[in-house]
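> One structure, pasted below without further comment.
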Amino acid sequence: MRVVRFPTRPTRVSDDVRAAVASLGRGDTVVGGVAVLGATPPDSGIEIDAVLVLPRGVLVVVGVDLPDPAMTLTAPLNGAWKADGWPLVRGDEGAEEKADVNPGLKALSLAGRLADRVHALDPSIAVGVVIAVGPYVETVEQPPEDLAGPVRVVFPTAGSFLTATEALPVPERLLSTEQARAVLRDVAPSATDFDDAVLLAEGFTTPAAPDPPQAVLPAHWTGGSATVPVRAPRERGRLIRPAAALAAAALLVVAVTMAFLALTSQDSPTPASVEPPSNGHPAVHADGVRFDPVARDSASRCAPHHAVGDVQSFLLEHGCLEVLRGSFAATVEGRTFAVSVGAVTFPDAALAGEFEQLAATPGTGVLTDVATETHRWAGMHPTFEGAAFASRRDGATVRMVLAHHASLEAPSGSEGTATRVAAAALGLPLR
């Protein structure tokens with residue numbers, strides 16, 4: 001996917017959107033297309049976090065800033081949103097308007113106006129919507145009837161965007177280079193300098209004779225002005241090509257280094273590297289525990305995707321000199337544990353001390369796991385919910401560890417072993 005960046009950031013979650021989109025990488029193997037970040041269509045009076053012009057259709061990404069991070073967000077298109085079971089409310093006392101407790105309505109209205117512009121150009125182009133929520137949400141719950149439509153509410157990651165593209169129907173014919181340019185010209189006139197070779201490499205097709213008339217299915221927006229017609233598909237399928245499905249996760253790991261291109265106000269790149277799992281990195285033994293490397297990541301400055309919750313806010317506010325993350329599979333007493341290790345280096349020890357105290361407080365957030373972020377856990381799906389935690393500060397560097405039993409239901413007695421694994425992992429190499 002090619003990325004065109006404009007300075008406009010309509011919401012705080014825009015940075016997460018930019019990082020997630022940039023991590024998809026170039027080329028059509030995974031998703032393809034052209035992403036316009038911070039789109040402000042001429043004469044529209046609207047600002048959109050991102051517009052993804054894909055070979056399959058168009059995804060409009062609109063950000064919604066939540067008051068606080070949440071483990072579970074209940075987000076119906078009709079009705080009140082709830083964060084961890086509590087209704088979202090506006091700060092003004094006495095405000096009872098439905099829009100105040102369902103921020104998705106305003107997002108849908110903006111997306112609907114953009115969809116109107118696309119369909120004025122070509123009614124056959126399918127349009128879907130991603131409502132990107134933040135600062136962080138572990139799980140988003142949408143009613144089944146909403147999931148049957150073209151709108152998805154997600155915390156922005158590369159994986160969630162890939163999943164959202166599946167809401168678009170499989171078209172009879174992929175968008176042509178001419179159709180792509182027409183949409184880009186309307187959304188961002190200065191973003192139309194891609195030649196045919198570039199657009200073809202992103203999965204668009206050569207122009208052809210007009211298709212015969214297609215059936216149109218009305219998919220009405222809730223809270224918006226647009227009625228979004230989409231082609232009736234012959235069948236639904238995955239966007240990722242069969243030949244590329246097995247390689248998708250590996251490509252995301254290589255592409256994740258691009259995520260830092262969108263993280264500063266000048267959109268300058270942040271040096272980062274992600275190493276493949278265990279290649280050239282033998283198992284490490286510490287305190288009788290075997291640790292097998294799964295994934296590693298390094299960056300020279302803090303970014304939104306490095307952490308969640310108050311920990312994320314602290315890093316973004318104060319900055320850091322280096323972030324190292326590593327994921328390991330640990331084996332002890334015949335049990336397998338997923339282990340996530342992170343080390344953050346600050347400009348001085350005093351700031352590191354503040355961070356260590358915050359991170360050690362339950363419920364304030366954690367560093368994110370690099371293997372989960374890059375889909376490197378083979379046959380394992382750790383959530384790290386209720387994981388054992390350990391931390392240590394060495395001068396200006398704070399090291400944090402999460403250790404959790406790899407199975408969905410941890411056997412009795414695993415808590416004590418997980419604590420032992422977390423303590424042993426404090427000394428693991430991250431370079």
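> Give me the distance in nm between label points sitting 7 Å out from Cα along the Cα-to-Cβ direction at residue 121 and residue 287, one decimal.
So the label points at residue 121 and residue 287 sit 5.7 nm apart.
> Place a point 7 Å from Cα of residue 141 in the direction of its Cβ. Which residues in the range 46-75 have their backbone N less than 15 Å from it?
70-75
> Residue 163 to residue 378: extension gain in nm, 0.36 nm per residue of separation minus the Cα-Cα distance?
75.5 nm
> At a 1.4 Å probe, what is the % contribution of carbon and sulfur to the accessible area of the range 335-431?
The value for the range 335-431 is 53 percent carbon and sulfur by accessible area.
> When ligands, DNA and RNA are left out and all protein chains stay put, how many square angstrom of accessible area per residue does the range 280-431 have with a 1.4 Å probe?
42
> Continuing with the same structure: Would you mind classifying the range 1-70 by shape? Square roots of the alpha carbon gyration tensor eigenvalues, ordered a ≥ b ≥ c; an a/c under 1.5 is rounded, otherwise it is prolate if a/b is larger than b/c and oblate if not.
Oblate is the answer for the range 1-70, as a/c is 1.5 or above yet b/c matches or exceeds a/b.
> Please work out the FRET efficiency for the pair residue 172 and residue 198, using the Cβ-Cβ distance as r and a Förster radius of 22 Å; give the result to the nearest 0.05.
Taking R0 as 22 Å, the efficiency between residue 172 and residue 198 is 0.35.
> How much accessible area per residue does the range 123-215 have, counting only protein heavy atoms and a probe of 1.4 Å, in square angstrom?
Value returned for the range 123-215: 41 Å² of accessible area per residue.
> For the range 138-196, what is the largest minus smallest coordinate of the Cα atoms on each principal axis, given in angstrom and ordered from greatest to least?
Here the Cα extents, ordered largest to smallest, are 40, 27, 18 Å.
> Percentage of Cα-Cα pair distances in the range 64-181 greater than 20 Å, rounded to whole percent?
Counting every Cα pair in the range 64-181, those more than 20 Å apart make up 47 percent.
> Let me ask something else about it. Just the number: Rg to Rh for the range 301-431, Cα atoms, Kirkwood Rh, two decimals.
0.96
> I would also like to ask the following. Extent of the range 337-389 along each principal axis, from alpha carbon coordinates, in Å, largest to smallest?
Here the Cα extents, ordered largest to smallest, are 41, 22, 15 Å.
> Could you work out the equivalent-ellipsoid semi-axes for the range 297-353, taking the square root of 5 times each eigenvalue of the Cα gyration tensor, largest first, in whole Å?
Value: 27, 12, 11 Å, ordered largest first.
> What's the ranking of 164-172, 303-311, 194-202 by average number of surrounding C-beta atoms within 10 Å, highest first?
303-311, 164-172, 194-202
The values are calculated or read from the model by the stated rules, or taken from the named source; none is laboratory data. What you see is a predicted model, and the numbers here were worked out from it, not measured in a lab. Cβ: placed from backbone, ideal geometry, glycine included. Neighbour counts: every protein chain shown. To get the accessible areas, we keep the full protein, side chains included, count just its heavy atoms, and leave off ligands, DNA and RNA. Shrake-Rupley method; radii C 1.70, N 1.55, O 1.52, S 1.80 Å.
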